[in-house]
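The values are calculated or read from the model by the stated rules, or taken from the named source; none is laboratory data. None of the values given here were measured: they were computed from a predicted structure. Note: ideal-geometry Cβ built from the backbone for every residue, glycine included; neighbour counts use all protein chains shown. These accessible areas exclude ligands, DNA and RNA; they are computed on the full protein's heavy atoms, side chains included. Shrake-Rupley method; radii C 1.70, N 1.55, O 1.52, S 1.80 Å.
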Amino acid sequence: MVFDSIESKDPASALQAWYDTELGQSLLATERRMIERALLNVQGNRLLQVTLDGRQWFCDSARARHGVMVAPKLELGMEENSLIATPEELPVQSAVIDILVLHHALEFSEDPHQVLREAARVLRPGGHLILLGFNPVSLFGLHSKFKRAIAAPWSGRLLGASRLTDWFKLLQLTSMNIHSDSYIYPIENSRWRGRFNFLKTLIKPIPLSTGNLILMTARKDVAGMTPLRPVWNRRLLEPLRVIESKATSTGVRRNRS
């Protein structure tokens, strides 16, 4: 099986290899639709996407003038508007991002709390966080129990909406919307996967977020503060003026026009 060859890889490489499978492509298409739909409900000039798979850019539908991607390693076919860094240490100044998209950045991190702290730090007051991850309360979550010894995506620490909402509150993030999608049984064999299609009709009507993927939108609300545009440091990149690279960060940078 394809996963036998990726078991020893790091989470980013394993997740990328999984996205290249038929099952991975199916869920990737659903993820893209979910993020595009969420982006239609938020606005701002400066967007940051944080992902483990630097080949994927999900934000073409965003109403933002400038967009930058952060990924852990350089990839062939990577967007030019990219920085190489980890989700735990974003090379971005505080309170400058209008829209932040976290794509599976939490469940494969050794410190998901730090990832969210960084997200809250770089968002300006009134800015929006769009977080997409695998849902523990789903067929994916059930199947991952049997695949725990395998690499990503099955090895991730899946976080439910209730726990994430609690974490949001600690960081002055207000949960706005929760949406879940994809009700296929995530087994690699397409023939066997088809035999479980009947589960969708049983699970989807449940009045809970039970899809394999969960997307949460939150707004950064800081009590007593009015969202204002920051005074830019002239040393920052022109004309985006958002990224301040550290010595440990490399990559190609391009501002979206």
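Odds and ends about this structure:
Here's the yes/no breakdown for (1) aliphatic (A, V, I, L, M); (2) more than 30 Å from PHE196 (Cβ to Cβ):
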residue: PHE58; (1), (2): no, no
residue: ALA64; (1), (2): yes, yes
residue: ALA105; (1), (2): yes, no
residue: ALA119; (1), (2): yes, yes
residue: VAL137; (1), (2): yes, no
residue: GLY141; (1), (2): no, no
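- Residue check, ALA152 at negative phi, at pLDDT below 95 and open to solvent by less than 10 Å² (accessible area, probe 1.4 Å): yes
- Enumeration of residues in segment 179-205 that are surrounded by fewer than 18 Cβ atoms within 10 Å (Cβ to Cβ) and in contact (Cβ under 8 Å) with a residue 12 or more places away in the chain: HIS179, ILE187, GLU188, SER190, ARG193, PHE196, ASN197, LEU199, LYS200, ILE203, LYS204
- Scan of segment 70-109 for residues that are open to solvent by 30 Å² or more (accessible area, probe 1.4 Å), touching a Lys or Arg at 6+ places or on another chain (Cβ under 9 Å) and not in a loop (DSSP other than H, G, I, E, B), ordered by number: GLU89
- A count restricted to segment 32-54 and to residues that are in a loop (DSSP other than H, G, I, E, B) and open to solvent by less than 70 Å² (accessible area, probe 1.4 Å) stands at 6.
- Qualifying positions in segment 12-39 - touching a strand residue (DSSP E or B) at 6+ places or on another chain (Cβ under 8 Å) and of a type in the set (Asp, Glu): GLU31
- Sole exception among (1) under 16 Å from the mean Cα position of the chain (by Cα); (2) farther than 20 Å from GLY160 by Cβ; (3) free of Cβ contacts under 8 Å to residues at least 24 places away in the same chain for ASP111, by number: (2)
- Residue match in segment 118-129 (condition: buried (at least 19 other Cβ atoms within 10 Å of the Cβ) and touching a helix residue (DSSP H, G or I) at 6+ places or on another chain (Cβ under 6 Å)): yes
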